[in-house]
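J.: I'd like to ask you about the structure that follows.
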Amino acid sequence: MSEQGCDRPVERGRNAEGARDDDGHARDIEHAWAAVVATARRTAAEGLVVGTSGNVSARVGRTVLVTPSGVPYDRLRPEDAVGVDLAGDQVLGELAPTSELPLHLAVYRHTGAAAVVHTHAVHATAVSTLVREVPPIHYAAALLGGPVRVAAYARYGTEELAENMLAALRDRTGCLLGNHGTVTYGATLDEAYDRTAQLEWLCRLWLTASSLPGRSPALLTEDQLSDVQEALKGYGQPDRALPGRAAGTGRPPSTGQAPKCPGD
C-alpha cells in the first residue's frame, strides 16, 4: 500500500495534524459571531438590558468574540465582528470592544467557560442592592452551583470589578454584581443565557415572596440544594438529541422561549 494510502482522512476544516485550518477557523468565527449577536439581541428583546447596556461574548480557540461598546445590537452586522485575545489585545474588527472586557476575560482565564452573558436585569439588580447572597427560595439556585453571591460594588470596566466578580463566582456559574447586574457563563451561549434568565426569575420570585408584610418566605436548606445538584447530573437530553439544534453550536433558541428548569 502506498504511503498516501496509509494516511488517515482529513476532516473538512482541519489539517493533517488535526488543527483547524484558516478556512475552518474563519467559519467558526463567523458562526460564533452570529450566535453572539443573536444572544445579545435576545437579552434586549426579553427585557434583560436597555439600550446598549449589557454585553455578550464567546470564546473560539484563543479568540474571544465580544459585543462592541455603545453599538445597538440590532445594528450589528456580520462584518462588525470584534475579537480579542486572552491578553485583551484586539485581533479582529475595527469597533472598540465592550468597556466590560476585563470582566469577560477574567471569566475565561479562570474557568472553562466558552460563553459569558452580562445583563442589567431589573429584578436581579434590585436584589443586588438588598442582600449579599440571593436567598435559596427555589431549587433553581442549584443550576448556578448553589446560593448566588453578590459581588461587592466597583465601577464598571475596572479590574477591581472583575476581581470582585471572581470572588463571587467561586464554585458558581453565575453571580450578581452589586448595584449593577448579572454575570453568568456556560459551555455554550444557550447555557449562559438560560442561567441568566433563571437568575433573573429567581430574584423576581424572592422579591415577590418577600413583599407580603409580616411574612418571610420559606428557604431551602443546604442539604436540599445538594440533593437537587445530584439530581441535575441526569437531567435533560444530550445536545445532539435536541430538536432544531446542531450539536455543539450553542445557537440560542427562538426569542420568547422560556428557560428550562428541572421539573419541566
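The values are calculated or read from the model by the stated rules, or taken from the named source; none is laboratory data. As the structure is a prediction and not an experimental result, all values here were calculated from the model. Every residue, glycine among them, receives a Cβ derived from its backbone with ideal geometry; neighbour counts consider all protein chains shown. We work out accessible area using only protein heavy atoms, side chains counted, and drop any ligands, DNA or RNA first. Shrake-Rupley method; radii C 1.70, N 1.55, O 1.52, S 1.80 Å.
J.: How high is the FRET efficiency from S216 to S69, r the C-beta distance, R0 41 Å, rounded to 0.05?
T.: Rounded to the nearest 0.05, the efficiency is 0.45.
J.: Using the eigenvalues of the Cα gyration tensor, what equivalent ellipsoid semi-axes result for the range 84-181 when each is taken as the square root of five times the eigenvalue, whole Å, largest first?
T.: The equivalent ellipsoid of the range 84-181 has semi-axes of 25, 15, 11 Å.
J.: So what does the Cα-only Debye profile of the range 144-187 read at q = 0.16 Å⁻¹, as log10 I(q)/I(0), no solvent term?
T.: -0.34
J.: Could you compute Rg(Cα) / (2.2 N^0.38 Å) for the range 104-238, with N its residue count?
T.: Its radius of gyration relative to the 2.2 N^0.38 Å reference: 1.02.
J.: What whole-number value in cubic angstrom gives the convex hull volume per residue for the C-alpha atoms of the range 146-217?
T.: Per-residue hull volume (Cα only) is 99 Å³.
J.: Binning every alpha carbon pair distance of the range 116-161 at 10 Å from zero, what are the percents per bin?
T.: 23, 55, 21, 1
J.: Calculate what fraction, in whole %, of the accessible area of the range 75-147 sits on carbon and sulfur atoms when a 1.4 Å probe is rolled over the protein chains.
T.: Answer for the range 75-147 is 55 percent, counting heavy atoms of protein chains only.
J.: Right, another one. Can you find, among A154, V134, T111, the residue sitting farthest towards the positive end of the charge dipole of the range 84-205, where Lys and Arg contribute +1 and Asp and Glu -1 at Cβ?
T.: V134
J.: Compute the distribution of all C-alpha to C-alpha distances in the range 48-133, in bins of 5 Å from 0, and list the percent of pairs in each, rounded to whole numbers.
T.: Spelled out bin by bin, the range 48-133 gives 3, 14, 24, 21, 18, 11, 6, 2, 0 percent.
J.: Can you list the HN-Hα couplings for the range 210-215, worked out from phi with the Karplus curve (6.51, -1.76, 1.60; θ = phi - 60°), rounded to whole Hz and with x for Gly and Pro?
T.: Values, residue by residue: 7, 7, 7, x, x, 10 Hz.
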